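Structure, as structure tokens:
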Amino acid sequence: MLEIKNVSKHFNNRKLKGSAPDDKEVLENVSFDVETGEFVSIVGPSGCGKTTLINLIMGLDKPTSGEIIINNKKVTGVGGDRALVFQENALFPWLTVQQNVEIGLRVRGLKRAERKRIAQRYLDIIGLGEYADYGIHQLSGGMKQRVAIARSLALESDILLMDEPFGALDAGTKNVLHGEILKIWKKTQKTIIFITHDVEEAVLLAGKVIVLGYAPDNIKEIIDIPLEYPREGNDSVAEYVKYIKDVMARSAK
Ligand SMILES: Nc1ncnc2c1ncn2[C@@H]1O[C@H](COP(=O)(O)OP(=O)(O)O)[C@@H](O)[C@H]1O
Ligand SMILES: [Mg+2]
């Protein structure tokens, strides 16, 4: 359903006013496909272009060359078929939990009762059904990230993009949310693209791991992980983790 075709992204920065612009290649000729309902992780070191790639898929920025195709249509801007969960929680602190979840629905012009129904549905799914009227400051870090997930789910997009969504959470909270996100994936049958710099997290969650490195050789490996869930404590997973770690150690410069 998602085709990344020979996508390159260069940034032209001028270090000093009047100086010649740098041509910084961040993504070079990146190609891969994602099937409907797949859970794909993209793992790679800081600065290799993961967020840049997400921005291109979201339609927030344009490739320098190449194209991104979703359901046979070229991406030319943002669209209702995609929703994004950011790393840093980007909630509005002056709004309640429910108002935060409703925000995209408000933008879409949905009526109040309808917004409330949808927000409640996704707050229930993510385990915050009883916190609808709470203020954001009353929530833990993990709960805030749940609200951010509920807000993206409420958009009912085909594709859910997650950019290091659990990066700032402690290990225990992260574990719980890993279980939640897998449950949501099964329940909603969404296509999920999950960005992380954490190899174990990638292997724990995804059916396919794309190992990204620095340009011009961005795609280091595409590795299928045909293992049952849950995967914690499974010996064969340890082998996968070791394998991917080896690959990354060799690829990261
Ligand atoms: N708007 C921009 N202008 C110039 N350089 C950028 C811009 N966005 C990202 N970059 C550069 O592109 C590289 C990749 O950034 P990013 O995609 O955020 O990496 P990652 O998410 O993998 O850590 C970095 O070197 C960053 O400085
Ligand atoms: Mg990033």
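The values are calculated or read from the model by the stated rules, or taken from the named source; none is laboratory data. In this text the structure is predicted, and so the values were computed from the model without any measurement. Neighbour counts are summed over all protein chains in view; Cβ atoms, including those assigned to glycine, are modelled from backbone coordinates with ideal geometry. SASA here: full protein model, heavy atoms, side chains in, ligands and nucleic acids out. Shrake-Rupley method; radii C 1.70, N 1.55, O 1.52, S 1.80 Å.
The set of residues in region 153-181 that are farther than 27 Å from Val78 by Cβ and either part of a helix (DSSP H, G or I) or assigned by TED's automatic domain parsing to the domain that holds Glu102 (or both) comprises Ala171, Gly172, Thr173, Lys174, Asn175, Val176, His178, Gly179.
Can you tell me which residue is most open to solvent (accessible area, probe 1.4 Å) among those in region 95-141 that are free of Cβ contacts under 8 Å to residues at least 12 places away in the same chain and hydrophobic (A, V, I, L, M, F, W, C)? Only one residue tops the list, namely Val107. Could you tell me whether Thr96 is assigned by TED's automatic domain parsing to the domain that holds Ser152, modelled with pLDDT of 95 or more and either within 12 Å of ligand 1 (Cβ to nearest atom) or over 21 Å from Ala206 (Cα atoms) (or both)? Against the criterion (assigned by TED's automatic domain parsing to the domain that holds Ser152, modelled with pLDDT of 95 or more and either within 12 Å of ligand 1 (Cβ to nearest atom) or over 21 Å from Ala206 (Cα atoms) (or both)), Thr96 qualifies. Can you work out which of the residues in region 229-248 that are open to solvent by 80 Å² or more (accessible area, probe 1.4 Å) and either modelled with pLDDT of 85 or more or under 30 Å from Lys9 (Cα atoms) (or both) is farthest from the chain's Cα centre (by Cα)? Per the criteria, the residue is Tyr243. Filtered by the rule that a residue be touching a residue at least 12 places away in the same chain (Cβ under 8 Å), more than 9 Å from ligand 2 (Cβ to nearest atom) and farther than 25 Å from Tyr240 by Cα, region 28-60 gives Glu28, Asn29, Leu56, Ile57, Met58, Gly59, Leu60. Taken as a whole, region 129-137 holds no residue that is assigned to a loop (DSSP other than H, G, I, E, B), away from ligand 1 (no atom under 16 Å from the Cβ), at negative phi and assigned by TED's automatic domain parsing to the domain that holds Leu205.
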